[in-house]
Amino acid sequence: MCKKNDTGIVLFATKQRFYPFKQCLIYVCLRRSMKTHTFRSKPELIAILVIAFFCFMAANCHGPSVKTADVKGQSNAEASTTDGARIAKSPEAPMPSLDGIKVADPKTILARPEVPILCYHQIRDWKPTDSKSARDYIIPPASFNEQIKMLADSGYHTILPDQLYAYLNEGAKLPSKPVMLTFDDTDEDQYTVAKPTMDKYGYKGVFFVMTVSIGRPRYMTKEQIKDLSDKGHVIASHTWDHHNVKKYQGNDWVTQIEKPTKLLESITGKQIKYFAYPFGLWNHEAIPELKKRGMIAAFQLYSKRDEQDPLYTIRRIIVPAMKPAALSKSMHEAFKYN
C-alpha cells in the first residue's frame with residue numbers, strides 16, 4: 001500500500017491532468033518498491049523496470065486522457081448550444097487575402113456568373129411628402145425585415161467585396177447562394193434599422209459613404225461608421241457630395257475621391273479600395289482615375305458591364321419596397337446566378 005504522501009501525488013497529478021490515474025498509481029507503487037526492496041542483482045532490477053515500463057504503456061494505451069475527454073465533451077456541448085436565432089454562416093468560404101491576387105483578363109471575369117448585389121438607400125416609413133419617384137429609394141423597415149428574412153430562410157449567405165474580387169479574378173470559392181447587401185448615401189437608418197436586422201442573421205453589408213453628410217441630422221456619425229467597420233462590415237467610397245462622375249473635371253478628382261478616401265481611412269483605420277458611382281452612372285474616363293487613386297473595383301447599377309474593365313462596372317439593383325417573392329424573382333432575372 002502507498003503512504004499518505006504518495007496518495008497525494010496521485011490525486012494532485014490526476015487533478016492537474018498531467019497523467020491518467022493508472023499511470024500515476026503505477027509510478028507511486030514503483031517508487032515505494034524502489035525505496036523498500038533490496039535488489040540482489042542487476043538483472044532483477046532490470047526485470048522490475050521492464051515490467052513497470054510495459055504496465056505504464058498499457059495504462060496509457062487503454063485509457064484516453066482526461067484532457068482528450070474534456071475536449072470531446074466541450075465540442076459536443078458547443079454543437080448542441082443554440083439561442084434560437086437563425087444565423088446564416090458560410091464556413092466553407094473564408095475571407096481571402098488579396099495579397100498576390102492576379103487580376104484576370106476581362107473575358108475570364110465576364111464569363112463568371114454574376115453574384116446578386118442589392119442596393120438600399122433610406123430605410124424608413126413613407127411620409128405624405130414623399131413623391132412617387134422618391135419612394136423607389138425608400139423601403140419601410142417592415143418590408144426590409146421581410147426581405148432579409150426571406151434571404152436567410154432561402155439559404156443566402158452575404159459576401160463582402162474582397163470575396164467577390166477573389167472570385168471574379170481567381171475563381172475563389174463562394175458560399176452557397178451568395179448575395180451582397182450594399183447601402184448608399186450614409187443615412188443613419190442604415191445603422192439604426194438595417195444593422196440590427198442583419199445582426200439577427202449574421203449578415204454583413206457594404207456601406208458606400210458620402211462624406212459631406214457625415215455627422216449631419218439623419219446621417220451617420222464618424223463613431224457609427226467606425227463601429228460598422230469594427231463589427232466586420234465594409235466601408236467604401238461614394239464621393240464627397242454625390243456629384244455625377246461624368247461631369248468631373250480639373251480638381252474634382254481630388255475633392256470627390258482623394259479627400260473622402262483619406263477621411264474614411266482616418267475614421268476606420270483601414271484601406272478604402274471600393275467605390276460606388278453616384279446615380280450608378282459611369283464613363284470610361286473615370287476608370288483610370290479611380291485606379292490611380294487606389295480603387296480596385298467599382299459598382300454601378302443597371303447598365304452592361306464594360307468589356308475592358310468589368311471590375312469597375314460591377315452591377316447592382318436598387319431594391320424598393322417589394323414583397324419577398326418579388327425580390328427573389330428580380331434577383332434571378334437580373335443576375336441568373338442560381
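Listing for the model above:
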quantity: Residues satisfying the stated conditions in the stretch 267-288, i.e. in contact (Cβ under 8 Å) with a residue 24 or more places away in the chain, surrounded by fewer than 16 Cβ atoms within 10 Å (Cβ to Cβ) and assigned to a helix (DSSP H, G or I); calculated: PHE279
quantity: Restricting the stretch 314-338 to residues that are among the small types (Gly, Ala, Ser) and touching a Lys or Arg at 6+ places or on another chain (Cβ under 9 Å), the residue that is farthest from PRO141 (Cα to Cα); calculated: ALA334
quantity: Filter result (charged (D, E, K, R) and surrounded by fewer than 19 Cβ atoms within 10 Å (Cβ to Cβ)) within the stretch 160-182; calculated: GLU170, LYS173, LYS177
quantity: Residues being outside any helix (DSSP H, G or I) and either acidic (Asp, Glu) or free of Cβ contacts under 8 Å to residues at least 60 places away in the same chain (or both) - total across the stretch 234-266; calculated: 13
quantity: Residue count for the stretch 299-313, restricted to those that are out of contact with any Asp or Glu (no Cβ under 7 Å at 6 or more places or on another chain), of a type outside the set (Asp, Glu) and under 14 Å from VAL103 (Cβ atoms); calculated: 3
quantity: Among the residues listed as PRO324, PRO310, the single one being surrounded by 15 or more Cβ atoms within 10 Å (Cβ to Cβ) and closer than 16 Å to LEU118 by Cα; calculated: PRO324
quantity: Unique match (being more than 21 Å from PRO278 (Cα to Cα), modelled with pLDDT of 95 or more and in contact with a Phe, Trp or Tyr (Cβ under 8 Å, 6 or more places away or on another chain)) among PHE144, PHE183; calculated: PHE144
quantity: Filter pass, GLU307 being over 30 Å from PHE144 (Cβ atoms), of a type in the set (Asp, Glu), assigned by TED's automatic domain parsing to the domain that holds VAL206 and in contact (Cβ under 8 Å) with a residue 40 or more places away in the chain; calculated: yes
quantity: Total residues in the stretch 268-299, condition touching a helix residue (DSSP H, G or I) at 6+ places or on another chain (Cβ under 9 Å) and farther than 19 Å from ASP162 by Cβ; calculated: 11
quantity: Filter result (aliphatic (A, V, I, L, M), modelled with pLDDT under 95 and touching a strand residue (DSSP E or B) at 6+ places or on another chain (Cβ under 9 Å)) within the stretch 83-133; calculated: ALA88, ALA93
quantity: Residues satisfying the stated conditions in the stretch 176-202, i.e. over 22 Å from GLN300 (Cα atoms) and touching a strand residue (DSSP E or B) at 6+ places or on another chain (Cβ under 7 Å); calculated: SER176, GLU188, ASP189, MET198
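The values are calculated or read from the model by the stated rules, or taken from the named source; none is laboratory data. This one's a predicted model, so the numbers in the text were calculated from it and none came from an experiment. Note that each Cβ is placed from the backbone with ideal geometry, even for glycine, and that neighbours are counted across all protein chains shown.
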